[in-house]
Protein chains: 2
Amino acid sequence: MTPLKNDRFLRALLRQPVDVTPVWMMRQAGRYLPEYRATRQKAGDFMTLCKTPELACEVTLQPLDRFPLDAAILFSDILTIPDAMGLGLYFSEGEGPRFKNPVRSTDDVARLGVPDPERELRYVMDAVRLIRRELNGRVPLIGFAGSPWTLATYMVEGQGSKEFALVKRMLFDEPKVMHRLLDVLARAVTAYLNAQIAAGAQAVMVFDTWGGVLTPRDYTEFSLRYMEQIVKGLTREHDGRRVPVILFTKNGGQWLEAMAQTGCDALGIDWTTDLKDARARVGDKVALQGNMDPVILYAAPERIRTEVETILASYGPGTGHVFNLGHGIHQHVNPEHAAAFIAAVHELSTRYHH
Amino acid sequence: MTPLKNDRFLRALLRQPVDVTPVWMMRQAGRYLPEYRATRQKAGDFMTLCKTPELACEVTLQPLDRFPLDAAILFSDILTIPDAMGLGLYFSEGEGPRFKNPVRSTDDVARLGVPDPERELRYVMDAVRLIRRELNGRVPLIGFAGSPWTLATYMVEGQGSKEFALVKRMLFDEPKVMHRLLDVLARAVTAYLNAQIAAGAQAVMVFDTWGGVLTPRDYTEFSLRYMEQIVKGLTREHDGRRVPVILFTKNGGQWLEAMAQTGCDALGIDWTTDLKDARARVGDKVALQGNMDPVILYAAPERIRTEVETILASYGPGTGHVFNLGHGIHQHVNPEHAAAFIAAVHELSTRYHH
């Protein structure tokens with residue numbers, strides 16, 4: 001494979017020295033970009049976009065062509081695994097993801113198997129291979145998956161939720177069934193991420209979007225435990241290079257110490273925790289990725305720049321920081337504001353590295 | 001006034017010895033009760049229910065007639081203040097609260113005045129007086145208001161929000177305008193809560209539902225600061241008795257130490273923080289109110305009982321704990337599960353007090 005021209009993202013995740021703080025944006029290939037909306041239009045619907053490697057590759061590269069980002073992230077969806085398990089994922093316009101066959105009973109759980117990534121999820125692996133070829137060493141490619149708990153919330157609710165009444169009821173009243181569900185998901189995520197790594201993903205991230213709706217006790221038992229199982233099962237070296245693993249629990253700021261003990265390389269941090277405090281709490285165990293409120297991108301470029309400076313100062317000097325938003329970029333953001341954000345990170349961070 | 005027959009709620013808030021842990025439920029007068037739905041039906045719409053003291057009194061007392069709760073809470077809405085400021089509050093079925101005249105500009109903010117609670121909000125004060133009379137000393141009555149930041153989110157967005165793009169944009173791009181808005185709201189909330197205390201509220205609670213969507217820096221500057229201003233302006237003694245003040249920031253578990261410094265008597269805690277840790281962090285500065293996940297009330301009564309025991313054990317022996325949910329009770333909860341919850345708190349907590 002072509003050697004990497006820009007590896008500062010991987011270096012920062014491994015807390016090796018860098019020239020400037022690397023930056024990428026969650027959901028950087030998304031609706032705020034007119035070229036994304038055009039490709040999405042061409043695809044017809046969201047799932048076709050995900051399932052057609054050429055189109056997934058096209059949108060993955062779009063933000064890279066516009067901005068000097070330090071990483072690409074595979075364009076896909078966290079719900080590809082439950083879809084491959086036979087739940088029938090679909091998107092109804094403006095309503096978010098839905099499943100035709102939600103998981104509600106012990107029998108539903110017993111029927112679930114671990115998909116073979118190179119068969120049922122081959123379209124994802126083909127996209128990874130194609131993107132790596134097209135990237136041609138410009139920046140590293142990030143693979144990803146949802147956490148078992150997060151996948152379970154959608155699978156049991158059958159859609160997004162605010163109260164999580166059905167999935168929590170399974171957790172409270174039938175913890176064994178819930179553990180069986182989470183275990184098969186952990187095995188599926190492990191196989192899926194390892195296949196992405198084999199196909200060319202140079203770092204992987206686990207998105208635990210909904211771990212933060214649990215008590216600390218239940219978070220440990222039902223979310224973190226399965227992320228740890230995944231971390232321990234991942235291929236950590238490929239093509240002679242370490243493959244860093246990032247864990248991100250939205251609203252998980254209270255549990256960083258425990259997350260850092262899983263053996264992962266980095267933690268995603270949302271904007272409700274100061275990076276300074278986070279860094280003090282995790283010490284040199286892990287790198288940190290974050291943590292600007294994505295809504296700041298609606299503000300004036302000068303205000304964006306001030307926030308970047310505040311966050312860089314909060315993390316302080318030295319490596320171990322990957323700049324990112326604390327959540328996906330919002331759809332009505334002006335792409336020029338994203339450009340101002342990325343430029344500010346590179347420009348203002350030089351004095352924190354030497 | 002009639003002396004209080006059951007004052008363990010007030011005693012626990014002031015960390016005085018109690019026989020058992022007092023308990024009440026946020027939104028205890030609500031849609032999960034068939035008698036509430038009947039009164040609501042009779043009223044026609046939600047605002048008529050709020051604005052008719054006899055009906056507000058009726059629904060306030062309904063849960064007290066069913067369950068041995070240790071406190072009553074005024075039936076009202078946090079948005080009465082912006083409504084009294086002229087924003088035109090209305091509820092469209094299934095859509096939540098909306099304002100006819102949202103606050104979007106410097107001029108909109110400049111036009112806002114502090115409502116006279118005994119005039120524009122007289123219906124609330126009349127409800128407080130009536131409820132106190134009807135309670136006849138059974139349990140204390142809690143008054144409440146929304147926090148300035150939380151009120152501002154609805155006033156600027158014009159409705160509930162997930163991204164808070166408009167209100168955060170005002171905060172980021174026009175911080176002075178935002179401070180002016182929050183200052184008038186802090187003065188309005190102070191006057192409103194003091195009028196509730198004068199009318200008979202024996203404790204007051206400030207609901208900061210949306211403080212948790214801010215960075216720690218912005219939470220301190222734009223939410224906590226104004227709650228502190230309110231605490232300092234409140235009548236703390238009435239009818240020869242201390243009037244405790246409770247502050248509750250949803251998803252504010254990372255900021256308890258700062259909240260405890262405001263001079264309030266107690267903090268509301270949601271279920272994402274262990275009470276044991278919270279108690280260790282705030283020491284003897286404040287009492288704690290919480291923190292069961294309201295979704296547990298969907299689980300089997302035996303499971304509810306286990307959770308109550310876990311939470312009581314987490315807080316540990318001694319006074320200073322008011323048992324509550326970490327958020328309002330959900331509308332599809334079986335009232336018998338609420339009964340099992342309340343019974344479990346009283347029964348299982350005796351051994352933590354002596």
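The values are calculated or read from the model by the stated rules, or taken from the named source; none is laboratory data. Note that the structure is a prediction, hence the values are computed from the model and not measured. All Cβ positions, even for glycine, are placed from backbone atoms using ideal geometry, and neighbour counts span all protein chains on display.
For residues that are assigned to a helix (DSSP H, G or I), within 12 Å of chain A (Cβ to nearest Cβ) and out of contact with any helix residue (DSSP H, G or I) (no Cβ under 7 Å at 6 or more places or on another chain), tally how many sit in region B:170-180.
1
Could you give every pair whose Cβ atoms fall below 9 Å, whose first residue belongs to region A:302-316 and is without any contact (Cβ under 8 Å) to a residue 24 or more places away in the chain, and whose second residue is surrounded by fewer than 16 Cβ atoms within 10 Å (Cβ to Cβ) and in a helix (DSSP H, G or I), counting only separations of at least 6 or pairs across chains?
So the pair list comes out as A:303/B:173; A:310/B:217; A:313/A:276.
With respect to residue A:325, determine if the residue is of a type outside the set (S, T, N, Q) and touching a Gly at 6+ places or on another chain (Cβ under 9 Å). Walk me through it before giving the result.
On the way: of a type outside the set (S, T, N, Q): yes; touching a Gly at 6+ places or on another chain (Cβ under 9 Å): yes.
Yes.
Please pick out the residue among B:94, B:113 that is surrounded by fewer than 18 Cβ atoms within 10 Å (Cβ to Cβ), touching a residue at least 60 places away in the same chain (Cβ under 8 Å) and part of a loop (DSSP other than H, G, I, E, B).
Details: B:94 fails: touching a residue at least 60 places away in the same chain (Cβ under 8 Å).
None of the others qualify; the one that does is B:113.
Which condition does residue A:153 not pass, out of (1) more than 21 Å from the chain's Cα centre (by Cα); (2) within 14 Å of chain B (Cβ to nearest Cβ); (3) of a type outside the set (Gly, Ala, Ser); (4) in a helix (DSSP H, G or I), if it passes all the others?
The number of the failed condition is (1).
Hey, any hits in region A:79-87 for a residue that's over 18 Å from residue A:196 (Cα atoms) and in contact with a helix residue (DSSP H, G or I) (Cβ under 8 Å, 6 or more places away or on another chain)? Spell out the reasoning first.
Of the residues in region A:79-87, the ones over 18 Å from residue A:196 (Cα atoms) are A:86-87.
After this cut, where a residue has to be in contact with a helix residue (DSSP H, G or I) (Cβ under 8 Å, 6 or more places away or on another chain) as well, the list is A:87.
Yes, region A:79-87 contains a residue that is over 18 Å from residue A:196 (Cα atoms) and in contact with a helix residue (DSSP H, G or I) (Cβ under 8 Å, 6 or more places away or on another chain).
Mind checking which residues of region A:304-334 are under 27 Å from residue A:78 (Cα atoms) and surrounded by fewer than 17 Cβ atoms within 10 Å (Cβ to Cβ)?
Let us first name the residues in region A:304-334 that are under 27 Å from residue A:78 (Cα atoms), namely A:320-334.
Listed by number, the residues that qualify are A:328, A:331, A:332, A:334.
What residue, among those in region A:160-169 that are in contact with a helix residue (DSSP H, G or I) (Cβ under 9 Å, 6 or more places away or on another chain) and within 10 Å of another protein chain (Cβ to nearest Cβ), is nearest to residue B:301 (Cα to Cα)? Before you say what the answer is, go through the steps one by one.
Step one: list which residues in region A:160-169 are in contact with a helix residue (DSSP H, G or I) (Cβ under 9 Å, 6 or more places away or on another chain), which gives A:160-161, A:163-169.
From what is left, the residues that are within 10 Å of another protein chain (Cβ to nearest Cβ) are A:163-169.
Values: A:163: 19, A:164: 19, A:165: 16, A:166: 16, A:167: 17, A:168: 15, A:169: 12 Å.
By that ranking, first place goes to A:169.
Are there any pairs with C-beta distances below 6 angstrom linking a residue in region B:257-270 that is over 24 Å from residue A:214 (Cβ atoms) to a residue that is among the β-branched types (Val, Ile, Thr) and not in a strand (DSSP E or B), with the two at least 6 apart or on different chains, and if so which?
Within 6 Å, the pairs are B:260/B:282; B:260/B:286; B:262/B:231; B:263/B:231; B:264/B:231; B:266/B:286.
Hey, can you tell me all the residues within region A:335-345 that are in contact with a strand residue (DSSP E or B) (Cβ under 9 Å, 6 or more places away or on another chain) and surrounded by fewer than 19 Cβ atoms within 10 Å (Cβ to Cβ)?
Hits for region A:335-345: nothing passes.
Could you tell me whether any residue of region B:31-44 is closer than 23 Å to residue B:268 by Cα and under 19 Å from the mean Cα position of the chain (by Cα)?
Taking region B:31-44 as the starting set, the residues that turn out to be closer than 23 Å to residue B:268 by Cα are B:31-32.
When the remaining residues are screened for being under 19 Å from the mean Cα position of the chain (by Cα), the result is B:31-32.
Checking region B:31-44: at least one residue is closer than 23 Å to residue B:268 by Cα and under 19 Å from the mean Cα position of the chain (by Cα).
Determine whether region A:192-212 contains at least one residue that is farther than 30 Å from residue A:57 by Cβ and in a helix (DSSP H, G or I).
Of the residues in region A:192-212, the ones farther than 30 Å from residue A:57 by Cβ are A:211-212.
Now restrict to residues that are in a helix (DSSP H, G or I): A:211-212.
Scanning region A:192-212 turns up at least one residue that is farther than 30 Å from residue A:57 by Cβ and in a helix (DSSP H, G or I).
Could you go through region B:226-237 and let me know if any residue there is closer than 24 Å to residue B:97 by Cα and modelled with pLDDT of 95 or more.
Kept after step one, since they are closer than 24 Å to residue B:97 by Cα, are these residues of region B:226-237: B:226-227.
Going one step further and asking which of them are modelled with pLDDT of 95 or more, we end up with B:226-227.
Checked against the condition, which is being closer than 24 Å to residue B:97 by Cα and modelled with pLDDT of 95 or more, region B:226-237 yields at least one hit.
Taking only region B:70-96 into account, find how many residues are modelled with pLDDT under 95 and not hydroxyl-bearing (Ser, Thr, Tyr).
5
Inspect all residues belonging to region A:334-349 and state whether any of them is touching a residue at least 40 places away in the same chain (Cβ under 8 Å), away from chain B (no Cβ under 14 Å) and either of a type in the set (S, T, N, Q) or in a loop (DSSP other than H, G, I, E, B) (or both).
Within region A:334-349, one or more residues are touching a residue at least 40 places away in the same chain (Cβ under 8 Å), away from chain B (no Cβ under 14 Å) and either of a type in the set (S, T, N, Q) or in a loop (DSSP other than H, G, I, E, B) (or both).
Mind telling me which of the residues A:240, A:158 ends up being on the phi > 0 side of the Ramachandran plot and either without any contact (Cβ under 8 Å) to a residue 40 or more places away in the chain or among the charged types (D, E, K, R) (or both)?
Numbers: A:158 fails: either without any contact (Cβ under 8 Å) to a residue 40 or more places away in the chain or among the charged types (D, E, K, R) (or both).
It is A:240.
Working carefully through the options B:203, B:186, find the one that is among the hydrophobic types (A, V, I, L, M, F, W, C) and out of contact with any Leu (no Cβ under 9 Å at 6 or more places or on another chain). Don't jump to the end; show me each part of the working.
On the way: B:203 fails: out of contact with any Leu (no Cβ under 9 Å at 6 or more places or on another chain).
Just a single option satisfies the conditions, and that option is B:186.
Conditions tested, residue by residue: (1) assigned to a loop (DSSP other than H, G, I, E, B); (2) farther than 24 Å from residue B:325 by Cα; (3) hydroxyl-bearing (Ser, Thr, Tyr).
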site	(1), (2), (3)
B:11	no, no, no
B:15	yes, no, no
B:20	yes, no, no
B:27	yes, no, no
B:35	no, no, no
B:38	no, yes, no
B:41	no, yes, no
B:47	no, yes, no
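Please verify whether region A:129-146 includes one or more residues that are assigned to a helix (DSSP H, G or I), within 30 Å of residue A:104 (Cβ to Cβ) and either under 20 Å from the mean Cα position of the chain (by Cα) or within 14 Å of chain B (Cβ to nearest Cβ) (or both). Even if it seems obvious, please write down each step before you answer.
Just the residues of region A:129-146 that are assigned to a helix (DSSP H, G or I), to begin with: A:129-135.
When the remaining residues are screened for being within 30 Å of residue A:104 (Cβ to Cβ), the result is none.
No, there is no match, as no residue in region A:129-146 is assigned to a helix (DSSP H, G or I), within 30 Å of residue A:104 (Cβ to Cβ) and either under 20 Å from the mean Cα position of the chain (by Cα) or within 14 Å of chain B (Cβ to nearest Cβ) (or both).
Tell me which residues, restricted to region A:59-93, are under 20 Å from residue A:244 (Cα atoms) and among the aromatic types (Phe, Trp, Tyr).
A:75, the sole residue that qualifies.
What are the residues in region B:234-258 that are more than 24 Å from residue B:187 (Cβ to Cβ), of a type in the set (Gly, Ala, Ser) and within 14 Å of another protein chain (Cβ to nearest Cβ), if any?
First, pick out the residues of region B:234-258 that are more than 24 Å from residue B:187 (Cβ to Cβ): B:239-241, B:251, B:253-254, B:256-257.
Now narrow it down to the ones that are of a type in the set (Gly, Ala, Ser): B:240, B:253.
The answer is B:253, and nothing else.
Can you name every residue in region A:275-316 that is closer than 17 Å to residue A:258 by Cα and either in a helix (DSSP H, G or I) or at the interface with chain B (Cβ under 10 Å from one of its Cβ atoms) (or both)?
Filtering region A:275-316 down to residues closer than 17 Å to residue A:258 by Cα leaves A:275, A:277-289.
Within region A:275-316, A:275, A:277, A:278, A:279, A:280, A:281, A:282 qualify.
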